[in-house]
Each structure stands twice: as structure tokens, then as C-alpha cells.
Amino acid sequence: MSILGLVIIGVIFWPWLGNPSDFVKWEDRFRTSIPIALILGQPCETQEGNAIIRDTGPECYHFSAAREYNGVWLYEFEGSTFVEGADSAPEQRPKDERSAWLRYDPPMELAGKYDEQKKCYTVSAFRIRFIGRERQGRGGHMGLWNKVVLPTQMIKLEPLPSPDCSTY
């Protein structure tokens, strides 16, 4: 292969938006290349009118086999953190390596409210048990979590005392 051929391949397939093997469909694997994504859109993206819709579920990404999870879920404004194995809400915000983004749409009454006195959104804490699947790789709000956990069957959701949002 000529040097020009290698350069063309390098331009087409580098740099990457993610690991191509993370994706289910070959089209999305192909679109991890930034030059290709600029033309065709990012992996798992579709356009509906003026809106760009990004699929983050198992139709797009490879997820693990289903298993049972137990732990604590911290639900807050722009946050949905799952700490596997925990029995109570952590004193401090969990580190990336101990937590995952929990991709779960709860009933609206569970959502944290803005506390005018403390000037922060409350953090709702729950002991949670569910059947679900996970995937490694950035996820959640602005990709700030190292993995995503997707519940497929909720078994238990029990409220816990909430951490103080002003120190969290």
C-alpha cells in the first residue's frame, strides 16, 4: 500500500469519537471516525426535524447480560448516580470508579426540588434493587460517568435520608 493510501485511511478513520466495538450496528461503528461523523452524524444519532436524537440504549451500544443489582441511587438535578453495594447515601459525592449513571426515568414526584434556603437542588436517595444491564464507557449528563446501568425490571425502590445538597 502506498503512503498516500495510508494517509487517506488515517484521515478517514482517525481520530475517534469512541471505540467502534462499543456499538451494535456497523453504521455506528463507522461513524466513530470524526471526519465521517462530520458528514454523516455521530454514532447512534438521528435527526427528526430540527432535533438531533441520540440513542443511548442497547439498540445502539453493547450491554452486558442481565443480572441483579443492589445499591443506592442518588437522583438529583442533571444527575442519576448508582453506587453498587452501598446501604446508605455516601457522605460525599462518589468517585467515578465507584459509581455509574443509572438510566432510569422515575416518577416525577421523586425528582429533587430547588431548596431556596440552601440555594441548591435537593438530592433524593433510594435503596434500590433491580434486574439490569450495564455498559462500560462514558455516559450520563455530559458523559461524566464511566459506565451506564440500565434497569430492565425494578424490584425495590425505598427512600433513604437525603444527603445535604449544600455540601454534596
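The values are calculated or read from the model by the stated rules, or taken from the named source; none is laboratory data. Everything quoted here is computed from the prediction, not taken from an experiment. Cβ placement follows ideal geometry from the backbone for every residue including glycine, while neighbour counts extend to all protein chains displayed.
Applying the criterion of at least 2 residues that are without any contact (Cβ under 8 Å) to a residue 60 or more places away in the chain and over 30 Å from Ser162 (Cβ atoms) to the strands (runs of 3 or more DSSP E) found wholly in the range 1-98 leaves 45-48, 51-54. Scanning the range 104-121 for residues that are surrounded by 20 or more Cβ atoms within 10 Å (Cβ to Cβ), touching a residue at least 12 places away in the same chain (Cβ under 8 Å), not assigned by TED's automatic domain parsing to the domain that holds Pro20 and not in a strand (DSSP E or B) turns up nothing. Going residue by residue through the range 107-127, is there one that turns out to be touching a Gly at 6+ places or on another chain (Cβ under 6 Å) and small (Gly, Ala, Ser)? Yes: one or more hits.
Please work out which residue is farthest from Val148 (Cα to Cα), limiting yourself to the range 75-97 and to residues that are under 14 Å from the mean Cα position of the chain (by Cα) and surrounded by 15 or more Cβ atoms within 10 Å (Cβ to Cβ).
From the range 75-97, those under 14 Å from the mean Cα position of the chain (by Cα) are 75, 78-83, 96-97; that's our starting set.
Imposing the further condition that a residue be surrounded by 15 or more Cβ atoms within 10 Å (Cβ to Cβ) reduces the set to 75, 79-83.
Working: Tyr75: 14, Gly79: 12, Ser80: 10, Thr81: 9, Phe82: 9, Val83: 11 Å.
That would be Tyr75.
In the range 6-45, what residues are at pLDDT 75 or above and small (Gly, Ala, Ser)? Those that are at pLDDT 75 or above and small (Gly, Ala, Ser): Gly18, Ser21, Ser33, Ala37, Gly41. Only one entry in Arg129, Arg138 is touching a Phe, Trp or Tyr at 6+ places or on another chain (Cβ under 9 Å) and either assigned to a loop (DSSP other than H, G, I, E, B) or modelled with pLDDT under 90 (or both), namely Arg138.
Taken over the range 49-58, the criterion of being over 30 Å from Lys113 (Cα atoms) and modelled with pLDDT of 90 or more is satisfied by Gly49, Asn50.
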